[in-house]
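The values are calculated or read from the model by the stated rules, or taken from the named source; none is laboratory data. Small disclaimer: the values here were computed from a predicted structure and weren't measured. In this analysis, Cβ positions are derived from the backbone assuming ideal geometry, glycine residues included, and neighbour counts consider all displayed protein chains.
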Amino acid sequence: MLKRSRPFALIAILAAGVLVAALTGAARPLPAGQFALSGHWVFNSLLQMALHIDGATTNIDAHANVNGAPGSQVVQSDTHGYVVGTGTITQFDKATLEVRGSISPPAEERPEAIEGVGGPYLAYRNSGMVMRMGDPPTVIKTGGAFGTPILTKDGTLWLHRREVGQICTVNKNSPVVDGCPVSVPPGHDGALTIVDDRPEFVDTFTSTLHTIDNGKLGDGVPLGVSVPPTARPATQDVGGRVAILDPQRQTLLLADTKSPPAPPITVALPPGDYDGPMSTGDVVVLVDRQSGNVLTFAPDGRAKDTKPIKQKTGQPRLSQGEDNRVYVEDADGTQVIVVAKDGNVQDVSTAERPTQTQPPVPAPNTGGPPDGRVAAPPPSSSQPPRQPTGQPDKPQQPVAPPPAVPPGRPGAPPSVSGTAGNNSVAVKWGAAANNRAEITSYQVSWRASTGQTGSLTLGGGARQTTVNGLTNGVSYVFTVTAINQMGAGPGSASAAITPVAPVSPAGPPLNLQASYDKDDRPTRDVTLSWGQPQLNGGTLVHYLVTGTGQAQRTVTGTQTTYPQLQASTRYTFTVRAVTKTPGGNTVNGQAQTVVVQDSQPPAVNPKITISKGGRSSTSNCKPPNCFWVPTTLTGFAPNKRYRLTLSSSSNPTVNNDEFATTDAQGKVTYPELNYDVPGQEIWVWVQGPNGRVESNHIVW
């Protein structure tokens, strides 16, 4: 019996030993995925201190004195914490709570922090770099800017490079991008999310959700509602739905991920300036920077809780912990709101310097697998029990006041927004926290969707500016950064803004012309034609055409004809476009005018004179009675060709095959007519500018 019981006793002893070792940090880390790092570190820039919050109890259970710039954030690995600013990254040991050194960041940009297997990571999205924190840290170049990354439980980091239409991966412990196996249609905006630990892509161009499988996008599941390119999905689902913030419509969309999907849920949000969304898996978390409230919603869209942020200035930060909690920090790190996985919200004050010195927080033994996760136990007091010495207690020495907090870089300017204009955007922002050093200037920079960039610098008292010289129809994101004697603070970005041309009356029709046959008399048909003008933001309805003595016409095309107009009358025609504004009003555009008249005025008193000339002889005119008939035209239109018709009392058309062209004075003498029938009366006539003109008569 004794021998048979020994193995069970041994197992019990070993199990107890493993438990103790795990709690004290002496055991090897457990395999990845079994335990996640618990809690969250926050940096208080006023105290120059990093404080650890136990997510389960919301107690502050450790702190470390670390210098850092205002607006810095803290990320943690198994053994170290990192205070991350835009100018420097300070590393401290989680076991001894001592500073180990500083690291230069790869870019002057406020990164997105990601904690998880293989990390933590700092994503410098605009600069196209990812920094994996460790000893030593690894900088991974992605080849270009990317969207919000996601990290799956196997330690794979996924990145969407919109400009080239690729979804790329960085495997756990890899020093490079391992490949870009998934192609996204070029120009399709969207973002990555995780559903049941599977990477999926939200295509905002088609408003569909696509599973990423075997290196390609699966068939899209409709979101049920059209979403704009500025829509922001949470990086993981909430109860099987994808939470998508639409900042333009001020709504939260909860889209079903099944195929076929259930109807989407749309939650109307109070007017505000929202950050997020972020999901614990069971609730969605949003922050309204305008009201300073943290809002939580259930997967069915019900509002669960609202908690105010005490410090209304600056830009709060949302962080996703490995423990599936969401942590919301105020701008200076003096308050943290902890949202548990089930949606329970707790307010933690981190404004006071802890009075009790904590012992080192046990850390897992680094001899085990590199991505083991062991939750650190809450520490107890570091003061050992006092032993009786027989000596009276010495009087306590007064505690020295803490040293003055040195000045730091400014905070992020709050509430950056813009109003689109014609080839311009008016940018506004709030005052950034100066952090004990006067703000000397603000820098406004912008990046276009086409890749173009620009910047300008304004004085420290500026709160708005207008950026001119932009391109209508191209979207721009504006970032405002405050600068003091300590340097530049973190930047705050606006939503995408697209300049547009204002709606104004249409321009004049292009190339208005009048065409007609100038020889037509006494009436002629006149056709007007033109090209479409600049519509200046409106929509073409029709054209209005007016003319001298004519009724106004409504024309939908670009030409119209006026028949039977008097050739001797001057006509003035006017054409203008009528457009409709987005509000539904019609507006008359600018007019274009054309004048119709003969290039040469009609002849004044045209006259034809004939006489009997010298003897002649031709095939049709025989001597001795054949003589020439000289014909002179005066007072006719200059430089015009006329047909001459010779008539007699017995034959109205003796000859009408002869032509004469007047000179610049409207005069011509034609000597080629002849006649040979005695006793006949002859004359010559011409179709003149105002009808038939007939010569004098001669009896032959």
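Quick one: is residue 187 among the small types (Gly, Ala, Ser), on the phi > 0 side of the Ramachandran plot and either crowded, with 20+ Cβ neighbours inside 10 Å or modelled with pLDDT under 85 (or both)? Outline the logic, then answer.
Numbers: among the small types (Gly, Ala, Ser): yes; on the phi > 0 side of the Ramachandran plot: yes; either crowded, with 20+ Cβ neighbours inside 10 Å or modelled with pLDDT under 85 (or both): yes.
For residue 187, the condition - among the small types (Gly, Ala, Ser), on the phi > 0 side of the Ramachandran plot and either crowded, with 20+ Cβ neighbours inside 10 Å or modelled with pLDDT under 85 (or both) - is met.
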Mind checking which residues of the stretch 549-562 are under 18 Å from residue 586 (Cα atoms) and assigned to a strand (DSSP E or B)?
552, 553, 554, 555
Name the strands (runs of 3 or more DSSP E) wholly within the stretch 456-523 that hold at least 2 residues that are within 21 Å of the chain's Cα centre (by Cα) and surrounded by fewer than 18 Cβ atoms within 10 Å (Cβ to Cβ)?
464-468
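Among 485, 464, which is over 19 Å from residue 414 (Cα atoms) and among the polar types (S, T, N, Q)?
Working: 464 fails: over 19 Å from residue 414 (Cα atoms).
So the residue among 485, 464 that is over 19 Å from residue 414 (Cα atoms) and among the polar types (S, T, N, Q) is 485.
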Cβ-Cβ under 7 Å, sequence separation 6+ or interchain: first residue in the stretch 405-417 and more than 27 Å from residue 272 (Cα to Cα), partner polar (S, T, N, Q). Which pairs?
405/48; 407/435; 408/45; 408/435; 409/435; 409/484
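Name every residue in the stretch 152-166 that is acidic (Asp, Glu) and either in contact with a Cys (Cβ under 7 Å, 6 or more places away or on another chain) or not in a helix (DSSP H, G or I) (or both), in order of residue number. Explain how you work it out, then say what you get.
Of the residues in the stretch 152-166, the ones acidic (Asp, Glu) are 154, 163.
Passing the criteria: only 154.
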Please work out if residue 546 is out of contact with any Phe, Trp or Tyr (no Cβ under 9 Å at 6 or more places or on another chain) and not in a loop (DSSP other than H, G, I, E, B).
no
Would you check if residue 229 is at pLDDT below 90, touching a Phe, Trp or Tyr at 6+ places or on another chain (Cβ under 8 Å), assigned by TED's automatic domain parsing to the domain that holds residue 191 and part of a loop (DSSP other than H, G, I, E, B)?
yes
Could you tell me whether the stretch 197-214 includes any residue that is among the polar types (S, T, N, Q), out of contact with any Phe, Trp or Tyr (no Cβ under 6 Å at 6 or more places or on another chain), assigned to a strand (DSSP E or B) and within 27 Å of residue 119 (Cα to Cα)?
yes
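Tally up the residues in the stretch 122-151 that are among the aliphatic types (A, V, I, L, M) and assigned to a loop (DSSP other than H, G, I, E, B), please. Full working, then the answer.
Of the residues in the stretch 122-151, the ones among the aliphatic types (A, V, I, L, M) are 122-123, 129-131, 133, 139-140, 145, 150-151.
The next check asks that each one be assigned to a loop (DSSP other than H, G, I, E, B); those that pass are 133, 145.
The total comes to 2.
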Residues satisfying the stated conditions in the stretch 41-60, i.e. of a type outside the set (A, V, I, L, M, F, W, C) and over 19 Å from residue 433 (Cβ atoms):
52, 54, 55, 57, 58, 59
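Would you point out the residue of the stretch 30-50, among those that are assigned to a loop (DSSP other than H, G, I, E, B), closer than 19 Å to residue 79 by Cβ and within 38 Å of the chain's Cα centre (by Cα), that is modelled with the highest pLDDT? Reasoning before the result, please.
We begin by selecting, within the stretch 30-50, every residue assigned to a loop (DSSP other than H, G, I, E, B); these are 30-39, 45-48.
Right, trim to closer than 19 Å to residue 79 by Cβ and you get 30-39.
Checking the rest, the ones that are also within 38 Å of the chain's Cα centre (by Cα) come to 36-39.
Details: 36: 66, 37: 77, 38: 78, 39: 88.
That would be 39.
When the stretch 248-281 is examined, which residues are found to be of a type in the set (S, T, N, Q), assigned to a strand (DSSP E or B) and either under 21 Å from residue 328 (Cα atoms) or not assigned by TED's automatic domain parsing to the domain that holds residue 316 (or both)?
In the first step, residues of the stretch 248-281 are kept if they are of a type in the set (S, T, N, Q); the result is 248, 250-251, 257, 259, 266, 279-280.
If we keep only those that are assigned to a strand (DSSP E or B) too, we end up with 251, 266, 279.
Matches in the stretch 248-281: 251, 279.
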Only one of (1) crowded, with 22+ Cβ neighbours inside 10 Å; (2) part of a strand (DSSP E or B) is not met by residue 119, so which one is it?
(2)
Scan the stretch 421-440 for residues that are crowded, with 16+ Cβ neighbours inside 10 Å, polar (S, T, N, Q) and within 21 Å of residue 411 (Cβ to Cβ) and report the count.
2
